[in-house]
1. Which whole-Hz couplings ³J(HN,Hα) result when phi for each residue of region 50-57 is put into the Karplus expression 6.51 cos²θ - 1.76 cosθ + 1.60, θ = phi - 60°, listed in order with x for Gly and Pro?
2. Around residue 40, with a cut-off of 11 angstrom between Cβ atoms, what is the net charge of the other residues, counting Lys and Arg +1 and Asp and Glu -1?
3. Any chance you could check the Cα centroid distance between region 99-160 and region 183-200 for me, in angstrom?
4. Where only protein heavy atoms count, and the probe is 1.4 Å, what is the accessible area per residue for the chain in Å²?
5. Per q in 0.18 Å⁻¹, report the Debye log10 I(q)/I(0) for the chain, using one uniform scatterer on each alpha carbon and no solvent.
6. Farthest toward the dipole's positive end in the chain, which of 108, 76, 145, given Cβ charges of +1 (Lys, Arg) and -1 (Asp, Glu) about the Cα centre?
7. Where Lys and Arg each count +1 and Asp and Glu each count -1, what net charge lies around residue 66 among other residues with Cβ under 13 Å from its Cβ?
8. So what J values fall out for region 153-160 if you push phi through Karplus, 6.51 cos²θ - 1.76 cosθ + 1.60 with θ = phi - 60°, rounded to Hz, Gly and Pro as x?
Amino acid sequence: LMQFNKIKNLFIASSKFAKDLSGKEKIIDSLTDAILKQKTCYVKYHSFYDDKIKNFKIDPLHFFENKGGLYVFVNTTRFKEIRKLAVERIEELKITDASFRYPKKFNPEERLNAAFDIVDDEPIQVKICFSADQARYIRERKWAVDQKITNKRDGSIVLELNTSGWDDVKRWVLSYGYQAKVLKPEKLRKEIIAEYSKSFNQYK
C-alpha cells in the first residue's frame, strides 16, 4: 500500500474537460458487478443522436476512457450489435437474473483502434498534408493502426490513414486550421472548405 501511494504521488490527474459523472456512482458499481458476473441489464439511455430516451437490454462487456469520459462496450439485444454507451447518459440500470456469454469474435482493443476517436462507422481512407511546423507533432503519435507518413522537401508531411469516424476526423483536421490540408477524400475536402466559409462569414 505504501509503495502504491508513492507511485500515485508521482502522477497528477486533471479533471479539465472531464465529463460529470456525479450521481452515477451506483450505475458504475452495478455495471462493474454485471461485467464481472456476466449479467444482462435493462437500461434507460439518453441518446444524443436523436435526443430520445431509449429502453433496451444490454450485456455489458468492458469500460474504457476517452477524453475524460467513461464509456462501456455493450452487446445490445434490441439492436443486435456491439455499441459504445456513454456512462453519464445512462439514466437507469437494473441487473437481471439472466446470464450472457462473452461474444467470441469481439476484440475490444481492435475495435478501439479501428476508430479515429469515439465514433466507429464506415471505414474511410484519408490523406492530409501538415505544415512543417506541425510535422514533428504528427510524427510522434500513432493516429491509426494502418497509416503512412511521407516527408516533403519543404519539411511538411503527408499523412495517409485508414480509419473510421467521419465527423471525428473532420473536427480533428479543423483543429489545425491552415496548417492542415485534406487531399482526399474529395467529399471531406469540400466539407472542410464549407466549414471555413461559415466561420469566415460569422466574422464579417
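1. Per residue, the Karplus-derived 3J(HN,Hα) values read 10, 6, 10, 8, 10, 10, 7, 8 Hz.
2. Working: positive: 37, 39, 57, 94, 101; negative: 59, 97.
Counting the neighbours of residue 40, the net charge comes to +3.
3. 20
4. Working: 14160 Å² over 204 residues.
It amounts to 69 Å² per residue over the chain.
5. Debye output, listed in q order: -1.24.
6. Result: 145.
7. Numbers: positive: 19, 67, 84, 111; negative: 65, 88, 117, 120, 168.
Summing Lys and Arg as +1 and Asp and Glu as -1 gives -1.
8. 4, 7, x, 6, 9, 10, 9, 10
The values are calculated or read from the model by the stated rules, or taken from the named source; none is laboratory data. Quick caveat, the model's predicted, so the values are computed rather than measured. Counting neighbours? That spans all protein chains shown, and the Cβs are built from the backbone with ideal geometry, glycine included. Note: accessible area is taken over every heavy atom of the protein model, side chains too, but ligands, DNA and RNA are not part of it. Shrake-Rupley method; radii C 1.70, N 1.55, O 1.52, S 1.80 Å.
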